Amino acid sequence: MFAFVRDSVGDGLATHLLSFGCSTGEEVFSLRRYFAESRITGVDISPHRIRQCRRRARRIRADPAIRFAVAASAEGFAPQSFDVVFANSVFKHGDLAIAPPRWDHRMRFGDFERVVSDLARRVKPGGLLVIRHANFRFSDVAAAKDFTTLRHMPRDPKTPLYDFANRLVPMSDEAVVFRRHA
Ligand SMILES: C[S@@+](CC[C@H](N)C(=O)[O-])C[C@H]1O[C@@H](n2cnc3c(N)ncnc32)[C@H](O)[C@@H]1O
């Protein structure tokens, strides 16, 4: 996946990647192996996890083009500021071995739509939005009209799918990589 994204957008000092919901930083540090030069910003809602990211960055002497911030949305970033926004395993609720027909009391499409629409606005024209392991579809969000799907992947059976009305729907492959229209 990371190689596919790098081959699509390229790597360079002017390239800026966002790992949204970066947890303890695994995605950010993995991305550095694929993007040797790009700026990489990891954000997470959890101050504790961001502290762990920063500790690890100091321990491994990560380069200064890797940054971390505490945030619950992308509101603090300027529109069209990222070449790629990753949101992997952020919009899912645990591992649901048995999927309930509705799950509104734990997660709602409206919350997904609000945060994802914000992320979509931060992608530069021609840039990519990567959403993997989500309980909702980006195609159900109005902002999807500005994007073309580049890549599908098999859906993890423990990540059941709900529609815009929070109803369980049959699983299909997961659309994962979206390119913003130029
Ligand atoms: C399962 S981890 C995924 C980690 C990483 N993306 C990866 O693929 O390795 C989910 C992370 O998303 C974060 N998260 C959930 N909702 C968020 C939000 N609205 N804003 C920022 N971070 C969020 C959680 O705190 C958690 O660290």
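The set of residues in the stretch 165-182 that are over 14 Å from the mean Cα position of the chain (by Cα) and free of Cβ contacts under 8 Å to residues at least 60 places away in the same chain comprises Ala165, Val169, Pro170, Met171, Ser172, Asp173, His181, Ala182. Where strands (runs of 3 or more DSSP E) sit wholly within the stretch 1-98, those with at least 3 residues that are within 16 Å of the ligand (Cβ to nearest atom) and in contact with a Gly (Cβ under 8 Å, 6 or more places away or on another chain) occupy 39-44, 66-70, 82-88. Taken over the stretch 64-117, residues that are charged (D, E, K, R), at pLDDT 95 or above and closer than 17 Å to His16 by Cα amount to 2.
Cβ separations smaller than 7 Å between residues 6+ apart or across chains give the following pairs from the stretch 75-92 residues that are at negative phi to residues that are assigned to a loop (DSSP other than H, G, I, E, B) and of a type in the set (Val, Ile, Thr): Asp83/Thr15; Lys92/Thr159. The number of residues in the stretch 134-156 being aromatic (Phe, Trp, Tyr), touching an Asp or Glu at 6+ places or on another chain (Cβ under 9 Å) and outside any loop (DSSP other than H, G, I, E, B) comes to 0.
The residues in the stretch 34-44 that are exposed (fewer than 14 other Cβ atoms within 10 Å of the Cβ) and under 18 Å from the mean Cα position of the chain (by Cα) can be counted, and the count is 0.
Screening Thr159 against (1) without any contact (Cβ under 8 Å) to a residue 60 or more places away in the chain; (2) closer than 23 Å to Gly25 by Cα; (3) part of a loop (DSSP other than H, G, I, E, B) leaves a single unmet condition, (1).
The values are calculated or read from the model by the stated rules, or taken from the named source; none is laboratory data. Bear in mind that the values here come from a model prediction, so they are computed numbers and not experimental data. Cβ coordinates were reconstructed from backbone atoms using ideal geometry, including for glycine residues, and neighbour counts include every protein chain displayed.
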